[in-house]
Every structure is written in C-alpha cells, then in structure tokens.
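Working notes, structure below.
The values are calculated or read from the model by the stated rules, or taken from the named source; none is laboratory data. Model, not experiment: these values are computed from the prediction. Here the Cβ is made from the backbone with ideal geometry for all residues, glycine too, and neighbour counts use every protein chain on show.
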Amino acid sequence: MSPILSVSGIEVSYGTIPALHGIDLEVEKGEIVTLIGANGAGKTTTLRTISGLLKPRKGSVTFNGKNISGVKPHIITGMGVSHVPEGRGIFSNLTVNDNLELGAYLRKDKITKEEYERVFTLFPVLRERIKQSAGTLSGGEQQMLAISRALMSKPQVLLLDEPSLGLAPQMVQTIFRVIREINAEGTTILLVEQNAHMALTTAHRGYVMETGRIILTDSTKALLASDRIKKAYLGG
Ligand SMILES: Nc1ncnc2c1ncn2[C@@H]1O[C@H](COP(=O)(O)OP(=O)(O)OP(=O)(O)O)[C@@H](O)[C@H]1O
Ligand SMILES: [Mg+2]
C-alpha cells in the first residue's frame with residue numbers, strides 16, 4: 001500500500017537562506033506520525049510546505065498519489081489535508097461558532113448537528129463557550145477550538161503544529177487524549193511537537209529533525225529506548 005502522504009526530497013528556503021535540505025517523510029493511512037526536533041530545526045517549515053503555504057525549491061509532496069507541491073493551500077485543504085498552525089490561528093474577534101463555521105467554509109454543506117455533538121464530545125467545554133468570542137478563551141480552550149475548526153473540513157490527514165505549547169500539564173493530557181481519539185476514529189495525523197515525551201508516547205512512528213534534515217526515523221518504541229534520543233530530547 002502506498003502512503004497517504006509522502007514528502008520526497010523537499011528543499012525550502014526563506015529568501016536565500018535554506019531551511020530544509022531535502023526532507024523525506026512518509027505517513028501511512030491511519031497512523032500518528034510525529035516530527036520532533038529543537039527550535040529552528042524546520043518542523044513548522046515542513047508542515048507549511050505540506051499544506052501549500054510554502055513552495056519547495058526542489059522535491060515534492062504527494063497526497064493520495066497526487067503531487068500537491070505548488071497547489072494553493074485552500075485547494076489542499078479541500079482535498080483533505082487540514083493544518084492546525086503553530087499559535088493556533090483562530091480569529092479572536094469572532095465567536096467560537098463563527099470560527100467553526102470558517103473551518104467548514106470550503107464545504108458545500110453546513111455543519112451538521114452530529115458534527116457539533118462530536119466536537120462537544122471531544123471538548124465538552126466548547127458547548128458552553130459556543131457564543132463567546134474566541135479571544136476570551138483560555139489557551140487550552142483556544143487549542144481545542146483550533147483542532148475542532150480543522151476537523152470541520154473533514155480531513156483525511158490532520159497536521160498539528162505544537163498543540164501542547166504553553167499549556168498546563170493537565171490540558172496537555174487532554175489535548176493528547178483527543179489526538180488519540182481523533183486518530184482512532186480514522187483520521188491520519190502528522191504531529192509536530194517539542195514535548196518529545198508526550199509525542200513519542202502518543203505516536204506510532206517518529207522522525208527526528210536537526211537543522212533542516214531528518215537525522216533519525218523509527219518506531220516510537222525504538223526511539224523512546226534510544227540512548228541518543230533519551231539524552232537529546234527526553235532529559236536523560
Ligand atoms: N519567515 C521566515 N523568514 C526567514 N527565516 C525563517 C522564517 N521562518 C522560519 N525561518 C527559519 O527557518 C528555520 C526553520 O524554522 P521553523 O520555524 O521551521 O523551525 P521549527 O522546527 O518549527 O522551530 P520551533 O520549534 O521554534 O517552532 C529556522 O532557522 C528559522 O529561523
Ligand atoms: Mg515551529
């Protein structure tokens with residue numbers, strides 16, 4: 001079976017400054033794959049290239065067998081790849097409900113009652129907050145909204161950029177529990193994280209990035225057991 005998402009030899013630069021030096025990465029349907037690495041390694045750049053926000057200078061991104069490099073972001077979203085950006089990217093002045101509706105904007109139909117219920121089952125607090133402006137939500141609630149909004153485009157692949165960043169430990173647990181639930185319901189996930197411990201205990205496989213290159217890839221079980229990973233990313 002061919003992977004649902006495949007990144008092959010992508011090179012990306014900001015102006016003349018190279019950020020990615022030929023990244024290869026594959027995600028099989030149904031997997032949670034994590035991409036970990038230090039600040040500035042190129043994790044966000046990789047996700048932004050997959051979702052069409054950046055164009056690779058070389059290499060390609062393939063989704064369901066189609067080359068999507070250079071395709072516009074909203075087309076890629078419509079095809080089934082949804083990106084929850086670093087910093088969440090929700091509209092603070094709009095209500096929670098308006099943010100969810102924006103997530104469904106590319107569809108031809110309205111958000112169904114079942115979809116609202118699914119969101120409220122994943123994140124019960126959003127039911128109470130539905131008419132509130134998104135800027136008044138806590139950081140954790142904003143992350144819940146960002147993930148819920150991304151689900152409104154009915155993605156086959158969900159790209160998550162640092163969903164746990166800046167959240168209290170209990171909220172981190174909640175977000176990761178929901179990531180597992182969304183995956184169990186059939187959505188494939190590519191998860192970028194600096195919280196290597198949570199990422200590696202949640203995902204099936206992992207890639208480790210350093211300065212624009214993948215330096216290691218393995219099952220998360222093997223990565224968690226690796227001395228190199230323990231030393232560099234797991235605090236011991
Ligand atoms: N808009 C930009 N203009 C110029 N350089 C950029 C830009 N965005 C990122 N870079 C550079 O590209 C490299 C990769 O950055 P990227 O944001 O992809 O890293 P990251 O792994 O997501 O880091 P972090 O963990 O801090 O989010 C870094 O050297 C960064 O300084
Ligand atoms: Mg980043």
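Applying the set (1) within 16 Å of ligand 2 (Cβ to nearest atom); (2) in contact (Cβ under 8 Å) with a residue 40 or more places away in the chain; (3) in a loop (DSSP other than H, G, I, E, B) to L47 leaves exactly one unmet item: (3).
May I ask you to list pairs of residues, at least six apart or on different chains, whose Cβ atoms are under 9 Å apart, with the first in the stretch 4-26 being farther than 14 Å from N67 by Cα and within 16 Å of ligand 2 (Cβ to nearest atom) and the second being outside any strand (DSSP E or B) and of a type in the set (K, R)? Here the result reads V12/R48; V12/K55; V12/R57; L20/R57, each pair linking the stretch 4-26 to a residue that is outside any strand (DSSP E or B) and of a type in the set (K, R). If you go through the stretch 119-129 and pick out every residue that is surrounded by fewer than 17 Cβ atoms within 10 Å (Cβ to Cβ) and in contact (Cβ under 8 Å) with a residue 12 or more places away in the chain, you end up with 1.
Every test in (1) buried (at least 21 other Cβ atoms within 10 Å of the Cβ); (2) under 13 Å from T34 (Cα atoms); (3) away from ligand 1 (no atom under 16 Å from the Cβ) is passed by L191 save one, and that test is (3). Here A38 meets each of (1) in contact with a helix residue (DSSP H, G or I) (Cβ under 9 Å, 6 or more places away or on another chain); (2) within 16 Å of ligand 2 (Cβ to nearest atom); (3) among the aliphatic types (A, V, I, L, M); (4) modelled with pLDDT of 95 or more with one exception, condition (4). Condition first: at pLDDT 95 or above and part of a strand (DSSP E or B). Can you find one or more residues in the stretch 68-76 that meet it? For the stretch 68-76, residues at pLDDT 95 or above and part of a strand (DSSP E or B): absent.
Does L167 count as away from ligand 2 (no atom under 16 Å from the Cβ) and under 26 Å from G206 (Cβ atoms)? Against the criterion (away from ligand 2 (no atom under 16 Å from the Cβ) and under 26 Å from G206 (Cβ atoms)), L167 does not qualify.
Of all residues in the stretch 26-71, those being under 14 Å from the mean Cα position of the chain (by Cα), of a type in the set (A, V, I, L, M) and within 22 Å of L224 (Cβ to Cβ) number 5. Within this structure, I182 passes the test of being outside any strand (DSSP E or B), under 22 Å from N97 (Cα atoms), among the hydrophobic types (A, V, I, L, M, F, W, C) and more than 16 Å from ligand 1 (Cβ to nearest atom). Restricted to the stretch 1-28, and to residues there that are among the β-branched types (V, I, T) and under 19 Å from N39 (Cβ atoms), the residue that is farthest from ligand 1 (Cβ to nearest atom) is I23. Considering E181, E210, the condition of being acidic (D, E) and under 16 Å from the mean Cα position of the chain (by Cα) is satisfied by E181 alone. Can you find even one residue in the stretch 90-113 that is in a helix (DSSP H, G or I), among the hydroxyl-bearing types (S, T, Y) and surrounded by fewer than 18 Cβ atoms within 10 Å (Cβ to Cβ)? For the stretch 90-113, residues in a helix (DSSP H, G or I), among the hydroxyl-bearing types (S, T, Y) and surrounded by fewer than 18 Cβ atoms within 10 Å (Cβ to Cβ): absent. For residues that are β-branched (V, I, T) and more than 14 Å from V157 (Cα to Cα), scanning just the stretch 35-74, find the one that is farthest from ligand 1 (Cβ to nearest atom). My answer is V71.
The set of residues in the stretch 116-125 that are within 20 Å of the chain's Cα centre (by Cα) and within 12 Å of L100 (Cα to Cα) contains only V119.
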